[in-house]
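The values are calculated or read from the model by the stated rules, or taken from the named source; none is laboratory data. The structure presented is a predicted model; accordingly, all values stated were derived computationally and were not measured. A quick note on method: Cβ atoms are made from the backbone with ideal geometry, for glycine too, and the neighbour counts reach across all protein chains shown. Please note that ligands, DNA and RNA were not included when accessible areas were found on the heavy atoms of the full protein model with its side chains. Shrake-Rupley method; radii C 1.70, N 1.55, O 1.52, S 1.80 Å.
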Amino acid sequence: MKEFKFNIDGKEIKASVAPQEDGKLAVTLNDTTYTVEVPELMKQAARPVVNHAAAPAPVSTKPIAAAPVASNTVAAPLPGTITKVLVSEGDKVKKGDTLLTMEAMKMENSITAEADGIVRKVHVGVGASVNQGDALVDFEGLSVPQTQAPAAAPAAAPAAKPAAAPQPSAPAAGAHTVEAPLPGTIKQVLVSVGQEIAAGDTVVVMEAMKMENNITAEFGGKVTAVNVAVGDQVQSGQALVETA
């Protein structure tokens with residue numbers, strides 16, 4: 001189990017992440033524990049469990065996911081509460097546009113469009129409580145190839161991990177390290193070596209579980225190392241930025 005501390009909107013969050021045997025993660029935030037499904041980890045789970053216990057499930061769910069959900073509907077990645085709705089029916093959006101924000105695991109996360117399209121239906125309003133998998137927004141124009149593209153990225157991730165792993169293994173002596181609280185993909189790097197930052201400043205933005213999260217510095221100081229770049233896939237506990 002790994003433990004972390006990070007700030008979100010000025011609030012200190014204490015987190016711990018423990019892997020489970022079925023490829024899921026047990027994430028504890030401020031003494032509240034959540035079970036998190038991470039596709040990359042679940043694909044690496046033991047094959048006998050997938051082939052025998054889970055074989056019937058894909059047969060029944062794939063037709064639903066491939067047509068109305070995967071290609072035309074943005075669904076809630078986790079249980080949470082809708083805090084903002086930024087689109088309405090008839091709006092044209094581009095891939096990466098924020099559709100709404102939701103609070104999940106005491107973090108406010110942006111839910112974005114996976115492809116260009118036209119909003120046909122908004123299923124939720126501000127204050128609505130949603131469960132994992134609930135439909136949030138329906139689209140016209142999303143295509144199956146675009147939704148399948150992210151599935152190819154995890155396949156390439158294992159090849160990149162050996163190159164990235166040595167970076168967090170040798171932090172400078174006495175340095176403070178900002179670590180990844182969950183596996184994810186780096187979307188923005190907001191600092192550079194030599195830059196002075198303050199405690200609470202956002203250093204990187206990473207996408208985890210289809211949500212964009214601001215990763216902030218716990219301590220102020222000068223940036224001595226930036227261990228990641230946009231597009232990198234990182235693992236829980238991996239060093240992102242070092243300060244002194």
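When the residues of region 199-222 are filtered to those that are of a type in the set (A, V, I, L, M) and at pLDDT below 90, the one that is farthest from the chain's Cα centre (by Cα) is Ala199. If you go through region 31-58 and pick out every residue that is over 15 Å from the mean Cα position of the chain (by Cα) and either modelled with pLDDT of 75 or more or under 16 Å from Met211 (Cβ atoms) (or both), you end up with 3.
Residue count for region 15-36 under the criterion of being outside any strand (DSSP E or B) and either polar (S, T, N, Q) or closer than 14 Å to Ser236 by Cα (or both): the result is 3.
The residue that is nearest to Val191 (Cα to Cα), counting only those in region 226-237 that are in a strand (DSSP E or B) and open to solvent by 20 Å² or more (accessible area, probe 1.4 Å), is Val226.
The residue list Glu108, Glu114, Glu89 contains one member that is acidic (Asp, Glu) and free of Cβ contacts under 8 Å to residues at least 40 places away in the same chain, which is Glu89. Filtered by the rule that a residue be buried (at least 16 other Cβ atoms within 10 Å of the Cβ) and among the β-branched types (Val, Ile, Thr), region 173-215 gives Thr177, Val178, Thr185, Ile186, Val189, Val191, Ile197, Thr202, Val203, Val204, Val205, Ile215.
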